[in-house]
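Working notes, structure below.
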Amino acid sequence: MTLSKVVEHIVLRRPRFLGVPMYQGSRETALTLCREVKQLLPDTVIVGGGPLMTTFYDDLLRDPAIDIGVIGEGEVTLEELVRAGPGADPRNIPGLAFRTNDSPGSVMRSADRAPIESLDGLPYLDYGLIDQRPYYAFHERLNMPRWLFLSSSRGCPFACVFCATPVLWPGKMRRLSVERLMDEIHYQRKLDPGIGIGFMDDSFFSDKPWLNRFFKAVAREKIRYCCIGRADHLEPADVENLARTGCHYVALGVETGNQIRQKTIRKYLDLSKVRRTVQALSRHKIICKCFFILGFPDETPQEMVETVNFAVDLKRDGMDECNIFPLSLYPGTELAKGYDRSGFRSDIYKGFDRGNRPIEELSKDEDHGEKRLSIYSSVPSADLNSWLGHEALLALVKLAYNKVEKKEYLTLEELRAATGRG
């Protein structure tokens, strides 16, 4: 829908509360939505949530269109807020941020909300509230299975400096029991027997005893599923079990092809292990996607060349596709410390999608890098890298996509020519 159509639907319903998730890449769009709704429905309480509200609530609540922010896990907090009604005092409900009358723009928080100790107690997601057909049609246009997305865990045992997960899910990693997870899969598949399951966990493979129990349980279901994790958590036997139990697709966060940079961003991947994992996934006909980041603040052009060329190596090893992201700073992360709010600026990429054409309809002659960048459209609008400004970084990302697609190594001279840094 267009933004105006979304606002129209909201106004027709005249809700007491409107919940709006806040993400770094869609921040300005979400704020515009809140402002337009507040102008037309001044009595509706607009509640901001999502990761950006947790990490940047004091900035977001400067905007008078947002009345309250939910900090951290929202299931219990939001229910208590709605049950209390629009006139409730937010000081009495843990897990909220809100403006005060003490001084203009003054923001405070209620008591912290304790993390949900047992995820098994959460209700099943009710996808019946949403018309899934437009999403399924989009999957089909991209030649993807029809996915329904679930999470089996919250948190991650690692603390990469660029990642917001340690802020959003502090403390130990929590998981659904395999029994509770399978019960929900049964429930969702009764409603739609042909659906595949996409697991959105940050680190699906990190708990080997849990993973082996999952393999044993899911093997009986004859479903297709996909998941995200670390390449160094997968041993050959794990890859065999993924293939045997219906895994269709695995996404791996690699980030950088420079082994020293792996340490400085606290990712700590062994790059030789990454290659072996990609090769194993390819042998077992599991689609493999890898994620990369270019433009860390002190990353040199030579390091960026190494990352692109490592992606080329993985493509030759059998990696099916990749996403190459220009670095964006997420508020609250270790990497973002020392930056003011100007460093967090991002925008929607105005590439081939500016005419609102579906990506899959673009001709094969049109630039591959441009198309890939258009699909993942959040791009920095601030200069973060010491050598390349954000416009030069976007030019490098597009060149990198083309090089990986052609399985051609990038040279430092080509980087300089493409970015104007000769």
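The values are calculated or read from the model by the stated rules, or taken from the named source; none is laboratory data. All of these numbers come straight from a predicted model, not from anything done at the bench. Here the Cβ positions follow ideal geometry from the backbone for every residue, glycine too, while neighbour counts run over all protein chains shown. Accessible surface is based on the protein model in full, side chains and every heavy atom, while ligands, DNA and RNA are left aside. Shrake-Rupley method; radii C 1.70, N 1.55, O 1.52, S 1.80 Å.
The magnitude of the dipole of the range 74-221, with charges of +1 and -1 set on the Cβ of Lys/Arg and Asp/Glu and taken from the Cα centre, is near 340 debye. The GluC sites (Glu not before Pro) of the range 114-218 meeting both criteria, a DSSP state outside H, G, I, E and B (loop) and at most 11 other C-beta atoms within 10 angstrom of the site's C-beta, are E117.
Per-residue Karplus couplings for the range 239-255, computed as 6.51 cos²θ - 1.76 cosθ + 1.60 with θ equal to phi - 60°, are listed in order as 5, 4, 5, 4, 5, 5, 9, x, 5, 9, 7, 10, 10, 10, x, 10, 6 Hz, Gly and Pro entered as x. Rounded to the nearest Hz, the phi-derived 3J(HN,Hα) couplings of the range 406-417 under the Karplus curve 6.51 cos²θ - 1.76 cosθ + 1.60 (θ = phi - 60°) are 8, 6, 10, 5, 9, 9, 5, 5, 5, 4, 5, 5, where x marks glycine and proline. In the full protein context, the chain carries 49 Å² of accessible surface per residue, based on a 1.4 Å probe and ignoring ligands, DNA and RNA. Using a probe radius of 1.4 angstrom, the carbon and sulfur fraction of the accessible surface of the range 212-295 is 53%.
Ordering Y249, I375, C322 by the projection of their Cα atoms onto the charge dipole of the chain, which places +1 on the Cβ of Lys and Arg and -1 on the Cβ of Asp and Glu, puts Y249 at the extreme positive end. Think of it as helices only: each DSSP H run of n ≥ 4 in the chain is worth -39500 (n - 2.57), and spread over all residues that comes to -11500 deg cm²/dmol at 222 nm.
Full extension of the segment from M108 to V82, taken as 0.36 nm per residue of separation minus the current Cα-Cα distance, would add 7.4 nm. With both labels modelled 7 Å from their Cα along Cα-to-Cβ, the M200 to I375 distance reads 1.9 nm.
Report, to the nearest whole %, how much of the accessible area of the range 91-143 belongs to carbon and sulfur atoms, 1.4 Å probe, protein only. Mind dumping the intermediate values first?
Values: 1970 of 3810 Å².
Carbon and sulfur: 52 percent of the exposed surface of the range 91-143.
Per-residue packing, averaged as other Cβ atoms within 10 Å, sorts the ranges 123-135, 25-37 into the order 25-37, 123-135, beginning with the highest. Stretching the chain fully between R220 and A243 yields a gain of 6.9 nm (0.36 nm per residue, less the alpha carbon separation).
By a straight-distance test (C-alpha under 30 Å), which lysines pair with K263 as possible cross-link partners, with residues fewer than eight away in the same chain excluded? Filter leaves K172, K208, K273, K289, K315, K337, K398, K403, K406, K407. Using the Cβ-Cβ distance between D58 and L191 with R0 = 56 Å, the FRET efficiency computed as 1/(1 + (r/R0)^6) comes to roughly 0.85. The spacing between the range 156-213 and the range 292-309, judged by their C-alpha centroids, is 30 Å. Charges were assigned to the Cβ only: +1 to each Lys and Arg, -1 to each Asp and Glu. The resulting dipole of the chain about its Cα centre is roughly 760 debye.
Here the calculated FRET efficiency for I116 and R416, from their Cβ-Cβ distance with R0 = 45 Å, stands at 0.35, rounded to the nearest 0.05. Between the range 8-22 and the range 114-137, the C-alpha centres lie 19 angstrom from each other.
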